[in-house]
1. For the stretch 13-28, which residues satisfy the criterion of being in a helix (DSSP H, G or I) and over 11 Å from the mean Cα position of the chain (by Cα)?
2. Given the conditions (1) in contact with a helix residue (DSSP H, G or I) (Cβ under 8 Å, 6 or more places away or on another chain); (2) loosely packed, with under 13 Cβ neighbours inside 10 Å; (3) among the aromatic types (Phe, Trp, Tyr), which single one is not true for Trp209?
3. Pairs, please: C-beta under 9 Å, at least 6 apart or cross-chain, first residue over 17 Å from Lys9 (Cβ atoms) and in the stretch 87-100, second of a type in the set (Gly, Ala, Ser) and in a helix (DSSP H, G or I)?
4. Within the stretch 99-147, can you find the residues that are in a helix (DSSP H, G or I), modelled with pLDDT of 90 or more, farther than 13 Å from Glu78 by Cβ and not small (Gly, Ala, Ser)?
5. In the stretch 127-142, is there at least one residue being within 10 Å of the chain's Cα centre (by Cα) and within 20 Å of Leu31 (Cα to Cα)?
6. Filter the stretch 176-203 down to the residues that are among the hydrophobic types (A, V, I, L, M, F, W, C) and under 17 Å from Leu16 (Cα atoms), then identify the one that is surrounded by the most Cβ atoms within 10 Å (Cβ to Cβ).
Amino acid sequence: MTDIRRPEKKGQVLVLCAPSGTGKSTLVKKLRAEFPQIGFSISCTTRQPRVGEENGKDYYFLNEDEFNEKLENGEFVEWAEVHGNFYGTPKEPVEKMLFKGMDVLFDIDFQGCMQLMESMPDGVFVFLMPPSYAELRKRLKSRNTDSESVVNLRLRNAMKEMASAPKFEYWIVNDDLKRAYSELKSIYLAGKNRPCSNPGLLESILSTWE
């Protein structure tokens, strides 16, 4: 058997998007725990930290002036205003991780995801859905972090986001955490074997033809 030198794999961009309260953060933590080699894009935000969140670990917490300065300097790969707060993904660390061949996981909102579909079309885009309106409302209420008006705003936005689900390559319904995680893991692993993640592999094998 001819032994070939496999070319280096290209870093994969995995984007997980979901309406607020769908359980996206839980799935992200499980994937990162099993695959710690995955780079994670830590977003900047102007919202206040929730209980247990740490600056530089969960988000970079900025005031609006700091955020706007970075925005004007072109330091974000994507950004959006969500529920009255600003969010953005710093460009430099993402580019460094991809340059090293690392996979990068994005946990971002719908608006930012639409921007990444334009700027990173080779990414793997996954839309996470709640099993029902009633269940999503229940989850949002149980967090005890938002007023009734904010919960209703999140639910209205969720309806708009669900209407755009056909733009995504993959859908996962988070009605059972174990099954939802298994599906996300399968999508991540399959994405590593796409042609765009393995540039040069076909040519390397074809070069062994006599």
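The values are calculated or read from the model by the stated rules, or taken from the named source; none is laboratory data. Quantities reported herein were computed from a predicted structural model and do not represent experimental measurements. Neighbour counts run over all protein chains shown; Cβ positions are idealised from the backbone, glycine included.
1. Start the filter on the stretch 13-28 by keeping residues that are in a helix (DSSP H, G or I), which leaves 24-28.
If the condition is that a residue be in a helix (DSSP H, G or I) and over 11 Å from the mean Cα position of the chain (by Cα), then Thr26 is the only one that fits.
2. (1)
3. Close Cβ pairs satisfying both conditions: Tyr87/Gly112; Gly88/Gly112; Thr89/Gly112.
4. Those that are in a helix (DSSP H, G or I), modelled with pLDDT of 90 or more, farther than 13 Å from Glu78 by Cβ and not small (Gly, Ala, Ser): Tyr133, Glu135, Leu136, Arg137, Lys138, Arg139, Leu140, Lys141.
5. Yes.
6. Kept after step one, since they are among the hydrophobic types (A, V, I, L, M, F, W, C), are these residues of the stretch 176-203: 177, 180, 184, 187, 189-190, 196, 201-202.
Next, from what is left, pick out any that are under 17 Å from Leu16 (Cα atoms): 177, 180, 184, 187, 189-190.
Working: Leu177: 12, Ala180: 20, Leu184: 22, Ile187: 17, Leu189: 10, Ala190: 12.
Among residues in the stretch 176-203 that are among the hydrophobic types (A, V, I, L, M, F, W, C) and under 17 Å from Leu16 (Cα atoms), the one surrounded by the most Cβ atoms within 10 Å (Cβ to Cβ) is Leu184.
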